[in-house]
1. Is at least one residue of region 42-53 of a type in the set (S, T, N, Q), part of a helix (DSSP H, G or I) and out of contact with any Lys or Arg (no Cβ under 9 Å at 6 or more places or on another chain)?
2. Can you tell me which residue is nearest to Leu100 (Cα to Cα) among those in region 63-85 that are within 14 Å of the chain's Cα centre (by Cα) and surrounded by 15 or more Cβ atoms within 10 Å (Cβ to Cβ)?
3. Tell me which residues, restricted to region 111-139, are open to solvent by less than 100 Å² (accessible area, probe 1.4 Å) and either in contact with a Gly (Cβ under 7 Å, 6 or more places away or on another chain) or at pLDDT below 90 (or both).
4. Taking the residues in region 86-110 that are open to solvent by 40 Å² or more (accessible area, probe 1.4 Å) and closer than 14 Å to Trp50 by Cα as candidates, determine which candidate is farthest from the chain's Cα centre (by Cα).
5. Do we find that Thr26 is at negative phi, surrounded by 11 or more Cβ atoms within 10 Å (Cβ to Cβ) and at pLDDT 95 or above in this structure?
6. Only residues in region 12-32 that are touching a residue at least 60 places away in the same chain (Cβ under 8 Å) and under 16 Å from Gly119 (Cβ atoms) count as the first member; pair them with residues that are open to solvent by 80 Å² or more (accessible area, probe 1.4 Å) and assigned to a helix (DSSP H, G or I), Cβ under 6 angstrom, at least 6 apart or cross-chain, and list the lot.
7. Can you give me the number of residues within region 111-134 that are within 16 Å of Leu44 (Cα to Cα) and assigned to a loop (DSSP other than H, G, I, E, B)?
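The values are calculated or read from the model by the stated rules, or taken from the named source; none is laboratory data. Treat the numbers as computed from the prediction; the structure is a model and nothing was measured. Here the Cβ positions follow ideal geometry from the backbone for every residue, glycine too, while neighbour counts run over all protein chains shown. What goes into the accessible areas is simple: the full protein's heavy atoms, side chains included, and nothing from ligands, DNA or RNA. Shrake-Rupley method; radii C 1.70, N 1.55, O 1.52, S 1.80 Å.
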Amino acid sequence: MSEQYEQLKLENQICFPLYAAARKVTGRYTPYLKPLGITYTQYLVFLVLWEEDGVTVGDLCRKLYLDSGTLTPLLKKMENAGFLDRKRCPDDERCVMVYLTSKGREMKEKAADIPQKVGACVSIKPDDAMKLYELLYNILEQV
């Protein structure tokens, strides 16, 4: 490839190692999530709701960096599985609140050891992990 097109080499793309690393790391969750009958994205929804039950769909979208077109069908599946309830806000019909059911709250205990198990699969020094965490959130805030 000529020097004129160096910017098009895969090795010169910052997006590629970011994408590939994200896929590999999220793939490490599959063996732990599959027996629970949930996907990685559903797990992320659970993480938000276990921290703060009763959030709006808009808040979930912001926290997970997802649009409502992606999140709404996922929430519907989770509701059909009995993990959560969606209810219209009484003071604003356009607003939908999301609440865990008892089944959704019980999932917290079943998933409690997943971060440790996945963390054991990814060997990175704590200082490097913190730097990476900060860099990734910096990218998220700027994009």
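1. No; the residues of region 42-53 include none that is of a type in the set (S, T, N, Q), part of a helix (DSSP H, G or I) and out of contact with any Lys or Arg (no Cβ under 9 Å at 6 or more places or on another chain).
2. Leu75
3. If the condition is that a residue be open to solvent by less than 100 Å² (accessible area, probe 1.4 Å) and either in contact with a Gly (Cβ under 7 Å, 6 or more places away or on another chain) or at pLDDT below 90 (or both), then Gly119, Ala120, Cys121, Val122, Ile124, Ala129 are the ones that fit.
4. Ser102
5. Judged against the criteria, Thr26 is not a match.
6. Going by the 6 Å Cβ cut-off, the qualifying pairs are Tyr32/Lys117.
7. 2
Okay, residues lined up against (1) charged (D, E, K, R); (2) in a strand (DSSP E or B); (3) free of Cβ contacts under 8 Å to residues at least 24 places away in the same chain:
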site	(1), (2), (3)
Leu60	no, no, no
Lys63	yes, no, yes
Leu74	no, no, no
Lys77	yes, no, no
Asp85	yes, yes, yes
Arg94	yes, yes, yes
Tyr99	no, yes, no
Gly104	no, no, no
Met107	no, no, no
